[in-house]
Amino acid sequence: MSYLTATGVACANIAFIKYWGNRDDRLRLPSTGSISMNLDSLYARTSLTFDPGLKSDTLDLNGHPTGGRALTRVQAFLDLVRDLAGKPLHARVVSENNFPTGAGIASSAAAFSALSLAATHALGLELSERELSHLARRGSGSACRSIPAGFVEWQAGESDADSYAFSLARPDHWDLVDCIAIVSSQPKPVGSSEGHALAGTSPLQRARLAGAPKRLQACRAAILERDFNALAEVAELDSHLMHAVMMTSLRPLLYWAPASITVMQAVSAWRKDGLPAFYTLDAGPNVHVLCPASAAGQVEALLGALPGVLKVLKAHPGDGARLV
Ligand code: PMV
């Protein structure tokens, strides 16, 4: 009996220009492009073994045998890989991340990016970075951005074939630090797959989408020119726009906690006083506070002293997904 095994590691990422809403939910074709930075110290490690003796896939997530929707999602993703490879084998999947799951820190991005790499390798497929990113997108949209290294853009594309992510700049291009103020480690009540499907019900989504090309351009330029203030301005605007859409969809989604607002207001005040820092939030209450490495010690200490902040995680620009 042969066993086909591989392990992949991939970072989480934080979006400066957000992905929220699909033009095709099944294919995870986004309504807009998005731009993010990989987070080097926050990663998922996913191992899998295809075993001819298995009758169905199994999933162990952070040390717990897991069924339900998480398993169904992994099975559907593995079906794509099995089809590509032409090998109808089931797998045992073991995935762990070193940060809270489902709390707006892109745990599914890291996990599906690592799974794409491990699963294709284990079945003998040699995919290019672009092909891997294209595949990872089907597991979780933002996972396609954790395949390439550093600062990454996901182009919305005209069709399934050209919707994938690529590196705008390597991790050493700009030593930005993401100081993540953890205000809750609870999984979010409404996951992002459900949230994407609601985006179109917000009367604000159309305006958000109309301005996206301009914000993408501003963000791209700010990263390439290492222009912190320009990045701060466009990233905060984009985060507010996404959360405005979330709050006004028909089922309203309010991901913020009181402490999220405390952090946002504090960061705005610090920036007014000359400290280079800005904030952005994904689909959860934890606040990502970005600053140049030279300010990270001060930002970390200030965040840690705010009421409601349980701890602060720090990450620099991270590498792309890799096999171990
Ligand atoms: O990839 P998903 O379906 O988990 O969606 C991610 C959505 C946000 O994190 C809120 C924004 C983004 O671009 O990462």
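The values are calculated or read from the model by the stated rules, or taken from the named source; none is laboratory data. This structure is a prediction, so every number in the text was calculated from the model and none was measured. As a convention, Cβ positions derive from the backbone with ideal geometry for all residues, glycine included, and neighbour counts pool all protein chains shown.
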(request) Out of the residues in segment 14-42 that are hydroxyl-bearing (S, T, Y) and closer than 14 Å to R145 by Cβ, state the one that is farthest from the ligand (Cβ to nearest atom). (result) T32
(message) Against the condition more than 30 Å from I182 (Cβ to Cβ), acidic (D, E) and in the same structural domain as A136 (by TED's automatic domain parsing), how does D40 come out, does it pass?
(response) no
(message) Is it the case, given these coordinates, that R82 is touching a residue at least 24 places away in the same chain (Cβ under 8 Å) and not in a helix (DSSP H, G or I)?
(response) no
(request) Go through segment 207-324 and tell me which helices (runs of 4 or more DSSP H), entirely inside it, have 2 or more residues that are charged (D, E, K, R) and either in contact (Cβ under 8 Å) with a residue 24 or more places away in the chain or buried (at least 16 other Cβ atoms within 10 Å of the Cβ) (or both). (result) 228-247
(request) Working carefully through the options A76, A114, A119, A143, find the one that is in a helix (DSSP H, G or I) and more than 20 Å from A321 (Cα to Cα). (result) A76
(request) Consider V94 carefully, then state whether it is under 27 Å from H288 (Cα atoms) and either more than 15 Å from the ligand (Cβ to nearest atom) or assigned by TED's automatic domain parsing to the domain that holds G33 (or both). (result) no
(message) Checking the structure you have, find out if any residue of segment 50-73 is within 15 Å of the ligand (Cβ to nearest atom), under 25 Å from L281 (Cα atoms) and in contact with a Cys (Cβ under 6 Å, 6 or more places away or on another chain).
(response) no
(request) Return the residue satisfying two criteria in turn: it lies in segment 1-40 and is modelled with pLDDT under 95 and hydroxyl-bearing (S, T, Y), and of such residues it is surrounded by the fewest Cβ atoms within 10 Å (Cβ to Cβ). (result) S2
(request) Quick one: which residue in G304, G297 is over 18 Å from the mean Cα position of the chain (by Cα), within 24 Å of N97 (Cβ to Cβ) and small (G, A, S)? (result) G304
(message) Among the listed residues G274, G308, G297, G304, identify the single one that is under 30 Å from S193 (Cβ atoms), of a type in the set (G, A, S) and in the same structural domain as S185 (by TED's automatic domain parsing).
(response) G308
